[in-house]
1. Please give the peptides 131-143, 150-162 ranked by average Cβ packing (other Cβ atoms within 10 Å per residue), highest first, as a rough proxy for protection.
2. Given +1 on the Cβ of Lys and Arg, -1 on the Cβ of Asp and Glu, and no further charges, what dipole in debye does region 291-361 carry about its Cα centre, rounded to the nearest 20?
3. Just want to confirm a number: the relative contact order over region 90-249, from Cα pairs under 8 angstrom separated by 6+ residues, in percent.
4. Classify region 240-371 from the C-alpha gyration tensor, please: rounded if a/c falls under 1.5, else prolate or oblate depending on whether a/b exceeds b/c.
5. Over region 250-333, what relative contact order in percent results from Cα pairs under 8 Å that are six or more residues apart?
6. Any idea which of Val373, Val105, Ser148 is furthest toward the positive side of the dipole for the chain, if Lys and Arg beta-carbons carry +1 and Asp and Glu beta-carbons -1?
7. How much length is gained if the chain between Asp172 and Ala229 is pulled fully straight, taking 0.36 nm per residue apart and subtracting their Cα-Cα distance, in nm to one decimal?
8. How much accessible area does Asp208 have with a 1.4 Å probe, in Å² rounded to the nearest 10?
Amino acid sequence: MSRVDWGRRRFVGALTGAAAAVALPACEDTPPRGDASSPRAPGTSTEAARGSSGPSGPRPLYLGTYTSADGGGKGIGLAGYDPVTGRITGTGTLTGVGDPSYLAVHPDGRTLYAVNEREEGAVTAVRLSDRTVLGSRDTGGAGPCHLSVHPDGRHLLSANYGSGSVAVHPIDASGALGARTELVTHSDPPPGPGQQGPHAHQFITSPDGGHVLAVDLGTDTVYSYRLDAGAGTLTETSRASTRPGAGPRHLTFHPGGRYAYLANELDNTVAVCAYDPASGRLSIGAAQSTGTGAGTSYPAQILVTGNGRYAYLANRGHNSLTRYAVEADGARLRLLDTVPVGGDFPRQIAFSPDGAVLFAANQRSGTVSVFEVDRDSGELRSAGEPFASPVAVCALPL
């Protein structure tokens, strides 16, 4: 990986620590008080969750950080949150995982996965019932910054930002990871304006499960692949290009499965994309405003509510969250407003499983902001003072 490219990623996050490989200590923490033993996996239907009797007692919240950064954390932060008020209470730290900048959970809710965002990238599995680190596997690339679990629960997908590649690892019945079965580097098309090379930033599965899609900021391209469930290998089926220099970073699908929304980091825009489940082809629409004014605000992540009516965008440079109305069954975004995030550099946002609470991880201020989400209007209401968490780059509520 180019030192320039690695430096740019660290600069954007205002990080000064070197991503050096170090020996990691064993997990020493006990399960946090009030932590649910059987968390609901993210992706549970929002409508189903709201139709139930409602959550009771604190729910678990896991926090990603950079352990190699000055002022960073010591591992994965452990916390609980009130599912009604969103109030966060810290409960400890899970050591034994280095630079866990992005987190995901298995569909069965039993295993947590973290990237190790270092020059020699890796992914780590943690059993949640007793906080046991099940081991790590190399991703075959540099600076992995995103991972997700395929809905079949048998494959982990990860994106190597520094080397512009995506990897696949098998998951066994215990939740542990096997040796990597695939590594694809985005060598075509050539890098976009101002880019040194490809920069894979996200790797996810389409709602129907038929394709996996990789978003690459460096090549201004979203790649669609078919995943061979037996071999764990990838076959490219199509690719979609943004306008040159857009720097696509994050894609999220509308619940209907026919449209998706793309956040472009470098040109400060979003785009509505049509999706064809049969071919996996994504058609990227016209660039739209983030509502943050001139210049770039480094859009980070975009989410859509479970009922498909509203979308939210995290703007790092503007320190705000943009709210959009989703119209025409997902085919249109209408800008409504922006609200201050209450922190500095919102790197990542996430809904609680029932969609009632939104969390924003603010990297530079080292805080997690919490908002109540109005189901009818989509309005965000601050749930109180942000929670302090060292170099907060990811919040994963279960």
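1. In decreasing order of mean packing, 131-143, 150-162 become 150-162, 131-143.
2. Using Cβ point charges on Lys, Arg, Asp and Glu, region 291-361 gives about 120 debye.
3. Contact order relative to length: 15 percent.
4. oblate
5. Relative contact order comes out at 26 percent.
6. It is Val373.
7. So the extension gain works out to 19.2 nm.
8. Probe radius 1.4 Å; accessible area of Asp208 about 90 Å².
The values are calculated or read from the model by the stated rules, or taken from the named source; none is laboratory data. Note that the structure is predicted; figures quoted are calculated from it, not measured. Cβ sites come from the backbone with ideal geometry, for glycine too, and all protein chains shown count toward neighbours. The protein model used for the area step is the full one, side chains on, heavy atoms only, and it has no ligands, DNA or RNA in it. Shrake-Rupley method; radii C 1.70, N 1.55, O 1.52, S 1.80 Å.
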